[in-house]
Each structure stands twice: as C-alpha cells, then as structure tokens.
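To keep things clear, I will list the structure first and then write my remarks on it.
The values are calculated or read from the model by the stated rules, or taken from the named source; none is laboratory data. Owing to the predicted nature of the structure, the values given are computational and were not obtained by experimental measurement. Note that we place each Cβ from the backbone using ideal geometry, even for glycine, and neighbour counts take in every protein chain shown. Only protein heavy atoms, including side chains, enter the accessible area calculation; ligands, DNA and RNA are left aside. Shrake-Rupley method; radii C 1.70, N 1.55, O 1.52, S 1.80 Å.
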Amino acid sequence: MKDTEGYVTADGRQIGGVLMELRNITLKFGGVTAINDISFDIREGEIRAIIGPNGAGKSSMLNVISGFYTPTEGSVWYKGEQRPKMKPYEVARMGVARTFQNIALFEGMTVLDNVMTGRLTHMNAGILSQAIWWGSARDEEMENREKVERVIDFLEIQNIRKTPVGRLPYGLKKRVELARALAAEPSILLLDEPMAGMNVEEKEDMSRFILDVNDEFGTTICLIEHDMGVVMDLSDRVVVMDYGRKIGDGSPDEVRSNQDVIDAYLGVPH
Amino acid sequence: MAHLTEGAEGSRSIPALLARNAREFGDSPAYREKEFGIWQTWSWAETEEEIEAFALGLLTLGVAEGDSVAVIGRNRPTLYWAMVAAQMCGAIPVPLYQDANAEEMAYVLDHCGARFAVVADQEQVDKVIEVQDRLSRFEQMIYVDPRGLRKYDHSKLHLFSSVQGEGRAARDRLLPELERRRGGLGYDDTCVMLYTSGTTGKPKGVVLSNRNIIESGKASSEFDNLRRDDEVLAYLPMAWVGDFIFSIGQAYWTGFCVNCPESAETLLTDLREIAPTYYFAPPRVFETQLTQIMIRMEDASPLKRRMFHYFMDHARRVGPRILDGKPVGTWDRVKYRLGEVLVYGPLKNAMGFSRIRVGYTAGEAIGPEIFDFFRALGINLKQLYGQTEATVFITIQPDGEVRSDTVGVPAPGVELRIGDNGEVYYRSPGTFVEYYKNPESTAETKDPEGWVATGDAGFIEESSGHLRIIDRAKDVGKMADGGMFAPKYVENKLKFYPNILEVVVFGASREKCCAFINIDLSAVGNWAERHNIAYSSYQELAGHPQVLDMIQRHVEETNESIARDEMLSGCQVHRFLVLHKELDADDGELTRTRKVRRKVIGEKFEDLVNALYDGSDSVYTETEVTYEDGRKGKIKATLEIRDARVFPVAQPQVAAE
C-alpha cells in the first residue's frame, strides 16, 4: 500500500488515506484499446476529476470503477482490498454510486420514487411483506423515506417531489439523478459529466451542490467533466487521459502547466 | 374597551399573551412547518418552552433591554420565536425583507442599531458579513440552517439550536432575570419596529407599541370572529406589517395556528394541504392564480373547458349574491349547487381555498373581474385598507357589504377624516408611536392630535359610508387640459389582462396619456406556444409583432371602457410600448412589495418616454440591469411604439339652462 497519511487541500480540508486504487488498468474491446495501463488512486474525502479530450477513455474508466466493465488487465483495490470480479449491483452495495452522462431515470415515475430507488441496496424486506405493507417492510420504508427526504431537502427539490421525472427540464433531471445517487449514501460518488448541456446558472448550482455534498457528508467524489473552468475550480486532484493513456496527474495547477496536457488539448502535429 | 392602559385583559405584551395561551390551551397547535415532507407541529406549551429557551440563550449572549435584534429570513417558526424571544428579553425585534440586497440591509441594520441578527441561512449570513464592518453597533449573528456554514469563523456566529441549548443549560441561573424583564414589559413599550418599503426615499422605521399591536389584533379578530381553530398560512414577508399582525398579533390574541410552508417554491402545494380558513394575499397573488387557472383551462379538454365556462358564467351572475345572503331564485340556486359539485368545489380544492371563511386582499386595488371571480366561487374575499403606520387597519369590509370598488368602513376604533385636498386622514389605537430617529418625518405625517396622513386620495361614499380610494394623493394630477389624471386607475384596468404584468402610465401635465407595458411571461409564453410563435428570450417575445398586436387590442378595449367614465375619460392611452425587460425591485424600479416607482422609471427610461411623446415609430435604448448576484449588465433593444385607437369621450349631459 501507498501512504495513508493524506494531505491538506488549498482551502484547508483534510484529505484522508487511499480509498480506491486502480493499478495498471488496461481495457480492450477486441482490437481497440480503450484504456492503456493506467494507475491512479482516489483518496477519502477528495474531489477527483478525470478529464481528457473526446474518446480519451474517461467514461470507460468510470465504468471500470463502477464495475460495469471488468478490466482486461490490472486490478481495482477498494478500502485496502483487491476487488474481485463483481456485478455492478454488487459494487453499488459496497458503496459506489453513480450518475450517467445521458440521464438514466425512470421517466414515468415521480421524483420521490426515483430517489427511493437509490435506497434499494439498503432494503431487505421480502416481496410479500412489501406487497402488504406490513412489519419490517413498513419500518424499513419509513426509515428509508426519511433518508430520502433529507436528500430532497439538501438538493432543494421539495417542490418537484411528486412531479413525474418526464415533465422536468434537463437541469433538474440531472439534479434528481444526483439525488438518487446520494440516497444510496455512497462512499464514492461517480459523476459522469454532471454539467453537460447545462447553462451557466445551472452549472453554478450544480457546482455548489457538489461542493456541499463533499463538505456536508464527506463523500468522496470522482467526476468526469468537459468544462475546464468547472473542473479546475472544483477538484482537488485531476487525472488527464488522452487516447487511453494517462498523460497527467496532480493538482489543477500542476496539470494546467503540464506540457503534455496542453498539447493534448491544443493539438500538436503528430 | 375600557381600561386600555392596563392592556387587554391584563395582557400587556406578546410574551404575556404567549404565557396565557400556554396556560389556557397549551395543547392546541400554535405552529406548523413542513419539513422533510411532513408537517411538524408545535403546541402553545411547546412553543413557550422553545421561545423561553431561546430568550435565555439570548441572555447568555448578552442581549440588553432596548437592544435591536434584526430578524432575516423566510417565514419559519424559529424566526417568529426569535422575535418573541427578543421581546421577552426586553429587546426590540426588527424583521427585514429577506430578498433585500446587502446594501439595502446595511442601511436598515445600521439605522436601527442592531446588536444581534437572527438569520435563516448561509445566504443571509453572507449578506450580513459583507456589510457588518460598516454597522456601528453590530456584534453577533445567529443562524437557523447550518448548511454550508461549517467553515465560517464561529467567534461571532451561533447556531440557533445551540443558543437554545445554552439557554436551557443556564435556565436556573438566568430565569429570574428573564422573569424580571418579561414582567417589566409595559403596554406602551415598543413591540416591534418595521421598516416601510419606501416608494420614495430611504426606508423609515415605524415604531409600534404593544398597545398598537394588541389593540389592533384584538379589534380585527373580533370583527371577523376569528377562532382558535382557524388556520393561516404564513408566507408573506416577515418584515411586512400585515404578516406581523396576522402571524403574531391576531395569532397570539386568538390562539390560532400559524402554518409555515416548506419553501417558497412549494407554496401552492402547501396552501392546498393546509387549506387555511383565514387567508390574506395581495391582489397580485389572486391575479397570478386566476391567470394560471385560465391558462390551464385553455389546455383542458373541450368538454371540461365548456363546462368550466358555462358554470363560471352562472357563478358570476349569482355567486356573489348568494354569498351576501341576497335573494336568489330556486332554479339558480340548484344550478349553483350543481356547479359547486362539478366545477367550483374541485377548483377551490385545487387552489387550497376549500375551507376559507375569511379572505382579505389589500395593498393595491384589485381588478373587479378578479375580485368577482373569487367571490363568485363562494370564497368570502374582502378588501381592507391600511398601512404600516396604522398597524394595518384603517378601513375594512364587513360581511355582506363587499364591493370591489370600495375598501370598506372604518375599522373598529378608527376615526376617519378627508382633508381639503382629498387626502385621507385617520386616528386609531393602532396609530404608530413614531418613525425611529426621524422626528421631522413623524411630525410631517402625524399631527399633535394624532391624525395621520395616509398619502392617498379618496372620498367617503355617502350612500354606503364606505371609503373609496382613487390613487396616491401625489400621483393624482392634472393633464395639460385640466382633466383629472389618475394613472393607477388606468394601470389597474390594463393589468386585469392576464397577458399584462405591469403598466406605467404617463400623462401628468401632458396633452395625452402614454404607457409602458410589461408582458406576463408565463401567460404570453403559453399563448405563444399554442400559436406556434418561436422566441428565444423575454426580449424577443416582448417585441414580437403578434404580441404587440395582442397588447394593442387590450389597450384599445381599455380605452373604450375608460371613455365611458366622465371624470377620467381623458386618461385613455394614446401610445404605448412594450418594455424589453421586466420591471424589477433589484433595479429599483419596483419596491420590495412590488409597487411601481413611477418617478424612478420615468427618469431611468427618459429616452423612451420622450419617444412616446415625439411621435417616432421606434426607439433604440440601452438599459442597465442588475443580476441576482449583484453584477450589472446592459441590455440593448429597439422598441416599436404603437398608436392605440382612442374613443370619443362620452359627452356629459349638460343640464339645460
């Protein structure tokens, strides 16, 4: 293991030891190498960004972390142990929640019901007792509903609690998705382009919520984002990918002055 | 009302009323607030405990008698408690408008000499921190919602619940002191200080005594037979005198329950869930609601739409008469009953008005069509006329004597007088003590005998004894030809159209009247959608030729109806333009209570006013706007100016000599 000391961020937050480590990850789809021998770690309490031009392999990386893809080579270490091959729902049970680049909510269900699905991994009652709303199912639902209501309050979506998701504008759907992920009380929250397609005001709101989540619940956040301004402002450390390789890793300032990164974004004659 | 000096039934302050309520009906609900999706209730006994704990906490922080305690935030039980707790400590609560920006707050905070502020959340904390160095006496701040505040410097910042905790811990030590202060509150001591929104100049701090609040609360509660089991929804700004009277004065006198919504956005849902029995809203709220209903009915299925219009026509005809207990034919009654089942009942339920016994509107004139719409549904909506300086009540409409064009008879205990210039004067137990640190203004407004000038022009109708308000006394003017100019009258007529949000009419000492018009984005936007009109911004929609055509029709219809009024027929709107931006309190164009600041607008848009009068077809303009975060920007636009048809004035019948 690497050091478990952590560091202190520019704004004075204490970042803990390594929560998740990706060691020499390679991911191949037939002849295409989406990720080529990448290693980095995510520490407890930090906001970690993965950036890179289109097709760099960012979403694939997130899919590896969430267990959707199994890496061709390399290993994922979580809380000090090597993670065996797992189904995505098993990964979710271990405390990894995510949002999707192109919103994956149940359009016909209300916001409340959608967020409640985030609690599914915490529910154990059998189908029968759930169907007749009795005993443990009842207590469990009440307990979970309370947690969900706290998330709804936190993200200020009380006014759309009973609104079907299909009727909401895009920016709000993104927020509902975040709410669902948060409802799972994750240790690591994966955000796949949380601000894509948003206007400036919505971006500001979302940034505020991401910082608040990290601050209030101490949730570790790993995000992919295209908006450079947002990434540099939000994150503590940044991994830069290009053509499936890691070309930079460090604080936003270090990354910004890294020649490889500048080349990747501005383009150089190959 | 015998021994006023002793206070009504011996209760000389709000904390004394609280003690009485907790003693006599401690289990009845006093406050409700929706939190985490569930309505939480506090009984009067629990409320007393909470308030006392906070008052003791304030003592541990060093609140002295006579200190000002600012209270800033949306309507929440905690903030109401903070006000009463401040009173318990012998301090003076000063509620501020929560949407005021830091600059506006700085003025009030400094003027009232606040040593403490109790605020809702991070937003308000930030605003106060921004200006606190400029405040001479400011010391400490208490916040209710800790979110986002963890990393702030907490040497002068405290969490509401921990202040209560400190208070509870120090109870044995400090209770005697609190008892002494509570017992020492006199009937003529200051109860609250409220800053008027100020259509002109800086806000003034209106000092209201316990006598003002309790006498007004008592008289008005008795006037409408308010009961302990009544429910109100507290959603209007806490800094406004009306909210203080409804949610504290009347609530503590009568002992009814004050319900606080979950957030401003959930207001309509919460209104529906609570279904208040006693309700107050400014005309704008009723206007918005009516607009919403009309929009939704346009989108409803043809059958529903026809049913709605059929029964509403019937309700408009007989509904108000039924409400007033006047004779109505049997067939009409049966039909109204059927309408109640099919249309009125569901509609009232959807709006949260199912249980209203008494509803009031005030603040601005309400369009007769809007007023009649709600009365037709069987909602006992009435008007009152009042102001901060009178502790709200000047005139009030008794049941059965409700009309849209009057504001009622003098409230109990109020004397009324009309000045030579038509200005309305009053004198009452609610008459304010003074403007804080402003003896000149006090003397200008209140004469030594206690008569207060309202600034409104009006007259008392001989047949009914009701007061009719025409306009602000200073706004009523003369046109160049000597005809009477009453801009509010015209504006109100135009504002009845759901598509029109705001109007400013010019014409004082001019040949003819011209107007600025603001479209209502939700209504016009919906209309545009239905007519396949594409637009990308407010500005584009406001300048769309079809929108202008529609507004022009509204203006011309209004002109036609004004032409019928002998006195005001000269006020027809000859030319108008549709503004490229919404008038906004942040830009100083409206007051915080959303009243038009005529003079400011006239100066700011001078180029547009000139264009209206010089006959040009269009005008190019640049306007500075303030964004919500305080940044400023410019918007540019070329506005089209339209001529509206005016109608020949109805010739007054000249008596043959």
Handout entry: Exclusive hit being out of contact with any Ser or Thr (no Cβ under 6 Å at 6 or more places or on another chain) and surrounded by fewer than 24 Cβ atoms within 10 Å (Cβ to Cβ), set B:Ala70, B:Ala53
Key = B:Ala53
Practice task
Kindly provide the set of residues from segment A:92-114 that are assigned to a loop (DSSP other than H, G, I, E, B) and either within 15 Å of A:Ala181 (Cβ to Cβ) or without any contact (Cβ under 8 Å) to a residue 40 or more places away in the chain (or both), ordered by number.
Solution key: A:Met94, A:Gly95, A:Thr99, A:Phe100, A:Gln101, A:Asn102, A:Ile103, A:Ala104, A:Leu105, A:Phe106
Practice task
Name every residue in segment B:104-162 that is closer than 27 Å to B:Glu52 by Cα, small (Gly, Ala, Ser) and surrounded by fewer than 21 Cβ atoms within 10 Å (Cβ to Cβ), in order of residue number.
Solution key: B:Gly113, B:Ser155, B:Ser161, B:Ser162
Exercise for the section: Report, by residue number, each residue of segment B:20-35 that is open to solvent by less than 50 Å² (accessible area, probe 1.4 Å) and either without any contact (Cβ under 8 Å) to a residue 40 or more places away in the chain or within 14 Å of chain A (Cβ to nearest Cβ) (or both). Expected result: B:Arg20, B:Ala22, B:Gly26, B:Glu33, B:Lys34
Completion exercise
Taking segment B:249-267 and keeping only residues that are outside any loop (DSSP other than H, G, I, E, B) and either over 29 Å from B:Ala219 (Cβ atoms) or within 14 Å of another protein chain (Cβ to nearest Cβ) (or both), one is left with B:Cys260, B:Ala264, B:Glu265, B:Thr266, B:Leu267
Handout entry: For B:Arg575: the one exception among (1) under 30 Å from B:Lys202 (Cα atoms); (2) outside any loop (DSSP other than H, G, I, E, B); (3) in contact with a helix residue (DSSP H, G or I) (Cβ under 9 Å, 6 or more places away or on another chain)
Key = (1)
Exercise for the section: Would you point out which residue out of B:Asp230, B:Asp188 is surrounded by fewer than 17 Cβ atoms within 10 Å (Cβ to Cβ) and more than 21 Å from B:Arg592 (Cα to Cα)? Expected result: B:Asp188
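In segment A:205-222, how many are more than 9 Å from chain B (Cβ to nearest Cβ) and either part of a helix (DSSP H, G or I) or over 12 Å from A:Leu189 (Cα atoms) (or both)?
Within segment A:205-222, residues that are more than 9 Å from chain B (Cβ to nearest Cβ) and either part of a helix (DSSP H, G or I) or over 12 Å from A:Leu189 (Cα atoms) (or both) number 8.
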Problem - Residue within segment B:581-592 that is touching a residue at least 60 places away in the same chain (Cβ under 8 Å) and either in the same structural domain as B:Glu104 (by TED's automatic domain parsing) or among the aromatic types (Phe, Trp, Tyr) (or both) present - result: no
Exercise for the section: Check segment B:86-102 and report whether any residue there is at pLDDT below 95, open to solvent by 10 Å² or more (accessible area, probe 1.4 Å) and farther than 16 Å from B:Ala239 by Cα. Expected result: no
Problem - strands (runs of 3 or more DSSP E) completely within segment A:1-60 that count 1 or more residues being of a type in the set (Gly, Ala, Ser) and touching a residue at least 12 places away in the same chain (Cβ under 8 Å) - result: A:32-43, A:47-51
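Being within 14 Å of another protein chain (Cβ to nearest Cβ) and either under 18 Å from the mean Cα position of the chain (by Cα) or β-branched (Val, Ile, Thr) (or both): is that true of A:Val231 here? It would help to see each step written out before you state the result.
Working: within 14 Å of another protein chain (Cβ to nearest Cβ): no; either under 18 Å from the mean Cα position of the chain (by Cα) or β-branched (Val, Ile, Thr) (or both): yes.
Here the answer is no, as A:Val231 does not meet what is asked.
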Exercise for the section: Using the structure shown, decide if B:Ala350 is in a helix (DSSP H, G or I) and touching a residue at least 40 places away in the same chain (Cβ under 8 Å). Expected result: yes
Fill in the blank from the handout: Here the residues within segment B:140-175 that are in contact (Cβ under 8 Å) with a residue 60 or more places away in the chain and in a loop (DSSP other than H, G, I, E, B) are B:Val144, B:Ala170
Practice task
Select from segment B:590-645 the residues that are among the β-branched types (Val, Ile, Thr) and within 30 Å of B:Gly242 (Cα to Cα) and write down the one among them that is farthest from the chain's Cα centre (by Cα).
Solution key: B:Thr626
Exercise for the section: Name every residue in segment B:237-260 that is open to solvent by 10 Å² or more (accessible area, probe 1.4 Å) and more than 17 Å from the chain's Cα centre (by Cα), in order of residue number. Expected result: B:Trp253, B:Thr254
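Criterion first (within 21 Å of B:Asp617 (Cα to Cα), over 30 Å from the mean Cα position of the chain (by Cα) and touching a residue at least 40 places away in the same chain (Cβ under 8 Å)) does B:Arg575 satisfy it?
Taking the combined requirement at face value, the residue satisfies it.
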Exercise for the section: Please indicate, with yes or no, whether at least one residue in segment B:627-637 is more than 23 Å from B:Glu103 (Cβ to Cβ), at pLDDT 85 or above and not assigned by TED's automatic domain parsing to the domain that holds B:Glu123. Expected result: yes
Problem - Which numbered condition A:Cys222 fails, given (1) within 14 Å of the chain's Cα centre (by Cα); (2) within 30 Å of A:Asn54 (Cα to Cα); (3) open to solvent by 40 Å² or more (accessible area, probe 1.4 Å) - result: (3)
Handout entry: Residue among B:Gly483, B:Gly465 that alone is under 22 Å from B:Tyr385 (Cβ atoms) and out of contact with any Lys or Arg (no Cβ under 9 Å at 6 or more places or on another chain)
Key = B:Gly465
Handout entry: Failed criterion for A:Val261 (all others in (1) free of Cβ contacts under 8 Å to residues at least 24 places away in the same chain; (2) open to solvent by 40 Å² or more (accessible area, probe 1.4 Å); (3) not in a loop (DSSP other than H, G, I, E, B) hold)
Key = (2)
Practice task
With the condition kept exactly as written, say whether any residue in segment B:147-169 is among the aliphatic types (A, V, I, L, M), closer than 22 Å to B:Cys260 by Cβ and within 14 Å of chain A (Cβ to nearest Cβ).
Solution key: yes
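Give me the residue from segment A:133-192 that is touching a residue at least 24 places away in the same chain (Cβ under 8 Å), in a loop (DSSP other than H, G, I, E, B) and within 14 Å of chain B (Cβ to nearest Cβ) and, out of that set, surrounded by the most Cβ atoms within 10 Å (Cβ to Cβ).
A:Ile157
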Fill in the blank from the handout: Only one of B:Glu389, B:Glu369 is under 21 Å from B:Pro237 (Cβ atoms), open to solvent by 10 Å² or more (accessible area, probe 1.4 Å) and either within 21 Å of the chain's Cα centre (by Cα) or aliphatic (A, V, I, L, M) (or both), namely B:Glu389
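Answer yes if at least one residue in segment A:194-202 is closer than 17 Å to A:Leu62 by Cα and either assigned to a helix (DSSP H, G or I) or open to solvent by less than 10 Å² (accessible area, probe 1.4 Å) (or both), and no otherwise.
Yes; the residues of segment A:194-202 include at least one that is closer than 17 Å to A:Leu62 by Cα and either assigned to a helix (DSSP H, G or I) or open to solvent by less than 10 Å² (accessible area, probe 1.4 Å) (or both).
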Fill in the blank from the handout: Picking from B:Phe286, B:Phe308, the residue that is farther than 15 Å from B:Ile370 by Cβ, part of a helix (DSSP H, G or I), open to solvent by less than 20 Å² (accessible area, probe 1.4 Å) and more than 14 Å from chain A (Cβ to nearest Cβ) would be B:Phe308
Exercise for the section: Quick one: count up the residues across segment A:33-67 that are out of contact with any strand residue (DSSP E or B) (no Cβ under 8 Å at 6 or more places or on another chain) and at pLDDT below 90. Expected result: 2
